[in-house]
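Read-outs throughout are calculated quantities, based only on the coordinates presented, and are distinct from any laboratory measurement. Since the model is a prediction, treat every value here as computed from it, not as a measurement. Note that we place each Cβ from the backbone using ideal geometry, even for glycine, and neighbour counts take in every protein chain shown.
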Amino acid sequence: MAAVSQGEAQKGIDAVVGALRKDKRCLDELGKLEKVTNVLGFGSPVPGTLAVRFNAQFKKGGRGMSSLPFGLGQSNKSEGTNRGVMVGQVKASLDKGTGKIKDCSVFRDLGYGRAFNLKV
């Protein structure tokens with residue numbers, strides 16, 4: 001295992017965050033990537049490859065409708081544009097030389113939900 005500096009890892013994390021923010025499918029499925037909450041780890045398991053793992057907060061917008069009392073259906077009262085946040089665990093590997101993403105997946109709800117795979 002080759003050593004990876006924190007600066008190299010941060011560049012890799014920034015590249016993955018940028019790719020996830022630009023991807024239309026990611027925006028539809030997970031929402032907008034708000035921020036990286038925790039860096040869980042980074043390293044180089046194979047020579048020439050940078051592996052990063054971190055938690056990220058995603059936020060979906062939309063118009064939620066509040067329900068009427070006793071489950072009588074939906075009212076027209078908007079609950080605002082915030083529907084809460086989801087914290088997902090992002091696992092990615094990048095080419096150390098070019099910085100190109102080899103693969104990237106986001107595990108919803110910290111691994112208890114479905115996984116989203118970024119097309120590269």
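Quick look at the values:
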| item | result |
| --- | --- |
| Sequence-distant aspartates and glutamates (8 or more away, or on other chains) whose Cα lies within less than 16 Å of K35 | D14, D23, D109 |
| Surrounding net charge for L118, when Lys and Arg each add one and Asp and Glu each subtract one, Cβ distance under 12 Å | +4 |
| Linear extension gain, E29 paired with D103, 0.36 nm per residue minus alpha-carbon span | 24.9 nm |
| Contour minus Cα-Cα distance for R21 and R114 (0.36 nm per residue) | 31.6 nm |
| Local electrostatic count, Q57, Cβ distance below 11 Å [Lys/Arg +1, Asp/Glu -1] | +2 |
| Cβ-derived FRET efficiency at R0 30 Å, Q57 paired with A2, nearest 0.05 | 0.50 |
